[in-house]
Amino acid sequence: MALLLLLLVLLGGAVALGMYRASGWQWAIALAAVTFAWQAGIFHGTLHFPSPGFLGLLAWLPPIILGALSWEQVRRPLLIQPAFKMVKGILPKVSDTEQQALDAGTVGFDAEIFSGTPDWTKLRAIPPIVLTPEEQAFLDGPTEELCRMLDHWQIRHRQREIPEEVWDFVKAKGFLGMLISKEHGGLGFSPQAQSLILGKIASRSPDAVTIVMVPNSLGPGELIEKYGTDQQKHYYLPRLAQGLEVPCFSLTGPTSGSDAATMRDIGTVTKGHFEGREVTGIRLSWDKRYITLGPNATLVGLAFRLFDPESILGRGEDIGITVAMIPATHPGVNIGRRHLPSGAAFPNGPNWGKDVFIPLDWVIGGEKMVGQGWRMLMECLAAGRAISLPSSATAGAKAMLRFSTAYARIRRQFGLPISRMEGIEEPLARLVETAYANEAARAVTAAMVSRGEKPSVISALMKYQTTERMRRAVNDAFDIHGGRAICDGPSNYLQSAYQLVPVGITVEGANILTRTLITFAQGALRSHPYLYKEVQALQDPDSERGIDAFEDAFLGHVTFSVANASGAFFHNVTLGYFGNVPERAEGLEPIYRQIWRASRNFALVADLTVAMLGGGLKVKQKLTGRLADALSELYFLCCLVKRFEDDGRPAADRPIVALAAANGLARFEEALRGTIENFPNAPARAFLRAVVFPFGRHYYPARDALASKVVRAATEPGELRDRLTRDIYISSDPDDPTGLLEVTLKKVVAAEEAEKKLERAIRLGTVRRYHGIDWIADAAGKGVVTESEAQLLKEVEALTARVIAVDHFDPLELKPNYGAESPGSLGHNSRALGSAAAE
Ligand SMILES: Cc1cc2nc3c(=O)[nH]c(=O)nc-3n(C[C@H](O)[C@H](O)[C@H](O)COP(=O)(O)OP(=O)(O)OC[C@H]3O[C@@H](n4cnc5c(N)ncnc54)[C@H](O)[C@@H]3O)c2cc1C
């Protein structure tokens, strides 16, 4: 017993020193004290150590070494310089384009998670959703009006085109210039407002939102606003804001998809004639595809690699990636025909050109910005990726919840609304969780961007997580609706989302790449408290300054790693009981504690992964993908508690927060466990298992009973359902398929008692329910229901018949309507490529 106590005291002491980041000499003194106590016989009676002798002398080595290393004169040559060389070999090599991507964004709350000790005051300091009166009026006015105009069946099937009146409306109301400042004729809306406006439109038509989203994300508008010359700003921005110019942005080509930086599109600086004068310009050849709005664009934003073989600009031969804007009518610009992405109606197509001469002042930002294209793109992407797709994916998930809660309550099988069946409760509970968590993370992230952050790591994880969760939400909605979801037609309100899910997953960095490479493999470098400083120190051309900076970062890193290991072990053996909780947690204490504990574990595993894999990080994508998931879960958990607090802690939301937190922690643990179990180094694997899972698994998904409670509440029309689906377009028009759901749901709820009586009578055989029989009148006649109940049941019957009805067509109507010349369109782009190369 005494022995056990002694060991516990020694272990506790070591853990405490580690957690409080003791310096080298503090460790040396502690070790010396223990060694002295042993040799002085103080432990006798508890530990039967062998008598000191040679072993005793050897035992003094650790404190002596640690003490010696506390002196800079000893530490520099013996530890820092060899470590400098070794780490240089291990750390991931950072290419120029990666470096620009890393430098582009800002580090925000992601660094708190990587630190293992998140500062809750920083989380709470992120503003809640705030819109100006003008932004709110725009959301409630023109945005609502636009949504009412959108007929998804006309758009994606009958016309396969965004209707002219929709284009005219969005141009006239300024939708295309939301991010352009007021000074330049735009609306100058905050990212939070843009996110909510885009979301509302997306909830109505994922197709139509694209024509608003693209001009308000990475493209000519944003690039000119941020980097353009005064002349470019004064000329183009008001035109873009009013829709006099329709922009597109061309980065992707047949050979440069995810690896866009290796594009083969080339510009050569040369002299040429433009408008009758000889000017310095660029001769361009390019071949791009998948360009959204391309077929309708009047202004083509183009990324290419610029060379200056005659040194006209005097900046060397390979100037680098450059971005220019070219009027679509400029001679030599080929705007191709249209792709047909997932059957969508928004314009998307290739464009190309061969030896097209443009003046140098068409480069965005003019001559001084040549070669800065990649940095410009990465800076805009770091913020933009946090807004466009997360807003539409969040709104999509909320819409799936709104429709499915209504449908599941209206649709009856086996004498029951299907929402009451446990099998259906599962996808419904997932939908509630996704709608709540996506919105929580969307709002927090948009608020960060609104206050000027460009959160590169968070925007990457937001993009892949919200779109993946949206994919699952759409699948869940489909399963809940059964055949009603599958048969397409004007009354099908799910198909457009289903068709467009892969678009959101693929654009702005396809999700697999974003998850496995961008979020963690590059994110760790950016958000880790010391790693980036170490990399910068290693790359410093001034070796003395580099080694000084490296020493600071390296020593900080070592104490950080020891603190993580000690902290993680401590919080795991105490089951997170001592995790840090902010003031006024008001019932959220257990969740805060577990997030704190989980962050400690994440920081440890992430740190060791980077240290062990170094340059191999980019290829060990199964590990980095899991760590990206773990990081995402922690971020979403933080957003979850923040949303609950920002919303004023509504009692009805508590079970949802509890459900989402339990599931989020379980997924977090799954991701971390997967990383550890597949860790390539056996001793490190064993160490991590012992520290992170001293008692095995920590977390379990939410209990079935909690999920049932949440689903019951969410399928009830009222405040909670409205809050869960806030800021999407909700119709109350019974002639609109989604409005019909709302109207019918209310009647179904009102008729529930009468419905039960009727079902009982049918089960007992008192009333027979077959085609050709008026069973409701029969039930009323037999006193099963009252006359007024019968009236209500009839209304429900009629409305329900419309809700569950699917469309059918004349075969001729279903013939493809995109032209008879389809075979000729195959390989169009390769013809373009051939022509670009051969012309
Ligand atoms: C409808 C639509 C609209 C678009 N709009 C535009 C636009 O307006 N402007 C524009 O410039 N581009 C646009 N794009 C292009 C889009 O950004 C690219 O499709 C995307 O970057 C991926 O390129 P890719 O399709 O060639 O896939 P590929 O690069 O061929 O990738 C295929 C798969 O491999 C994975 N992968 C690739 N490299 C790695 C890696 N290192 N590690 C792990 N996985 C990897 C990807 O994640 C993906 O799953 C659009 C695309 C579509 C489909």
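Tabulated results
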quantity: Which listed residue, of Val246, Val209, is within 26 Å of Arg515 (Cα to Cα) and within 16 Å of the ligand (Cβ to nearest atom); calculated: Val209
quantity: Residue within the range 219-226 that is closer than 21 Å to Ser459 by Cα, assigned to a loop (DSSP other than H, G, I, E, B) and touching a Gly at 6+ places or on another chain (Cβ under 9 Å) present; calculated: yes
quantity: Qualifying positions in the range 129-150 - at pLDDT below 95 and surrounded by 14 or more Cβ atoms within 10 Å (Cβ to Cβ); calculated: Ile129
quantity: Which listed residue, of Gln99, Gln39, is modelled with pLDDT under 85 and within 30 Å of Tyr635 (Cα to Cα); calculated: Gln99
quantity: Residue match in the range 330-348 (condition: out of contact with any Cys (no Cβ under 8 Å at 6 or more places or on another chain) and under 17 Å from Gly373 (Cβ atoms)); calculated: no
quantity: Members of the range 702-717 that are loosely packed, with under 15 Cβ neighbours inside 10 Å and of a type in the set (Lys, Arg); calculated: Arg703, Arg712
quantity: Number of positions in the range 751-776 that are of a type outside the set (D, E, K, R) and surrounded by 13 or more Cβ atoms within 10 Å (Cβ to Cβ); calculated: 9
quantity: Val710, sole failed condition from (1) in contact with a helix residue (DSSP H, G or I) (Cβ under 8 Å, 6 or more places away or on another chain); (2) over 21 Å from Thr405 (Cβ atoms); calculated: (2)
quantity: Verdict on Gln539 being closer than 27 Å to Gln81 by Cα, within 23 Å of the chain's Cα centre (by Cα) and surrounded by fewer than 23 Cβ atoms within 10 Å (Cβ to Cβ); calculated: no
quantity: Some residue of the range 647-655 being within 30 Å of Pro717 (Cα to Cα), among the aliphatic types (A, V, I, L, M), surrounded by fewer than 24 Cβ atoms within 10 Å (Cβ to Cβ) and more than 16 Å from the ligand (Cβ to nearest atom); calculated: yes
quantity: Members of the range 718-745 found to be closer than 23 Å to Leu793 by Cα and surrounded by fewer than 16 Cβ atoms within 10 Å (Cβ to Cβ), listed by number; calculated: Gly718, Ser732, Asp733, Pro734, Asp735, Gly739
quantity: Residue match in the range 327-335 (condition: hydroxyl-bearing (Ser, Thr, Tyr), surrounded by 24 or more Cβ atoms within 10 Å (Cβ to Cβ) and either within 16 Å of the ligand (Cβ to nearest atom) or on the phi < 0 side of the Ramachandran plot (or both)); calculated: no
quantity: Residue in the range 425-437 that is within 30 Å of Gly765 (Cα to Cα) and in contact (Cβ under 8 Å) with a residue 40 or more places away in the chain present; calculated: yes
quantity: Which numbered condition Phe550 fails, given (1) under 23 Å from Val107 (Cβ atoms); (2) surrounded by fewer than 19 Cβ atoms within 10 Å (Cβ to Cβ); calculated: (2)
quantity: Single condition Phe109 does not satisfy, out of (1) surrounded by fewer than 18 Cβ atoms within 10 Å (Cβ to Cβ); (2) under 20 Å from the mean Cα position of the chain (by Cα); (3) not basic (Lys, Arg); calculated: (1)
quantity: Qualifying strands (runs of 3 or more DSSP E) (wholly inside the range 259-318; at least 2 residues being crowded, with 20+ Cβ neighbours inside 10 Å, in contact (Cβ under 8 Å) with a residue 60 or more places away in the chain and within 16 Å of the ligand (Cβ to nearest atom)); calculated: 277-292, 299-307
quantity: Restricting the range 363-380 to residues that are part of a helix (DSSP H, G or I) and more than 16 Å from the ligand (Cβ to nearest atom), the residue that is surrounded by the fewest Cβ atoms within 10 Å (Cβ to Cβ); calculated: Lys368
quantity: Residue among Leu360, Leu431 that is buried (at least 24 other Cβ atoms within 10 Å of the Cβ) and at pLDDT 95 or above; calculated: Leu431
quantity: Residues of the range 760-802 that turn out to be closer than 17 Å to Gly415 by Cα and touching a Leu at 6+ places or on another chain (Cβ under 9 Å), as a count; calculated: 8
quantity: Cβ-Cβ under 7 Å pairs, at least 6 apart or on other chains, the range 681-696 side charged (D, E, K, R), far side surrounded by 13 or more Cβ atoms within 10 Å (Cβ to Cβ); calculated: Arg685/Ile676; Arg685/Phe679; Arg689/Ile676
quantity: Residue under evaluation Val581, criteria (1) crowded, with 20+ Cβ neighbours inside 10 Å; (2) more than 16 Å from the ligand (Cβ to nearest atom), criterion not met; calculated: (1)
quantity: Unmet requirement for Glu670, which otherwise passes all of (1) surrounded by fewer than 21 Cβ atoms within 10 Å (Cβ to Cβ); (2) over 24 Å from Tyr592 (Cα atoms); calculated: (2)
quantity: Qualifying residue in the range 408-416 (condition: surrounded by fewer than 24 Cβ atoms within 10 Å (Cβ to Cβ), of a type outside the set (Ser, Thr, Tyr), assigned to a loop (DSSP other than H, G, I, E, B) and modelled with pLDDT of 95 or more); calculated: yes
quantity: Residue within the range 341-348 that is among the hydroxyl-bearing types (Ser, Thr, Tyr), within 12 Å of the ligand (Cβ to nearest atom) and not in a strand (DSSP E or B) present; calculated: yes
quantity: Filter result for the condition that a residue is out of contact with any Leu (no Cβ under 8 Å at 6 or more places or on another chain), in a helix (DSSP H, G or I) and of a type in the set (Gly, Ala, Ser), over Ala383, Ala397; calculated: Ala383
quantity: Criterion: buried (at least 22 other Cβ atoms within 10 Å of the Cβ), within 16 Å of the ligand (Cβ to nearest atom) and of a type in the set (D, E, K, R) - qualifying residue of Arg338, Arg385; calculated: Arg385
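Residues checked against (1) surrounded by fewer than 17 Cβ atoms within 10 Å (Cβ to Cβ); (2) within 19 Å of Arg689 (Cα to Cα):
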| position | (1), (2) |
| --- | --- |
| Asn572 | no, yes |
| Gly587 | yes, no |
| Asp607 | no, yes |
| Lys622 | yes, yes |
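So that you can scan it fast, the table gives a plain yes or no per residue for (1) in contact (Cβ under 8 Å) with a residue 40 or more places away in the chain; (2) farther than 30 Å from Val581 by Cβ; (3) among the aliphatic types (A, V, I, L, M):
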site	(1), (2), (3)
Pro118	yes, no, no
Val130	yes, no, yes
Asp140	no, yes, no
Met149	no, yes, yes
Ile155	yes, yes, yes
Glu164	no, yes, no
Leu176	yes, yes, yes
Lys182	no, yes, no
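Quick grid of which residues meet (1) in contact with a Leu (Cβ under 6 Å, 6 or more places away or on another chain); (2) within 25 Å of Phe109 (Cα to Cα):
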{"site": "Arg597", "(1), (2)": "no, yes"}
{"site": "Ile656", "(1), (2)": "no, yes"}
{"site": "Pro680", "(1), (2)": "no, no"}
{"site": "Ala702", "(1), (2)": "yes, no"}
{"site": "Val710", "(1), (2)": "yes, no"}
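The values are calculated or read from the model by the stated rules, or taken from the named source; none is laboratory data. Please read all numbers here as calculations on a predicted model, not as lab measurements. No Cβ is skipped: glycine too gets one built from the backbone with ideal geometry, and neighbour counts run over all protein chains shown.
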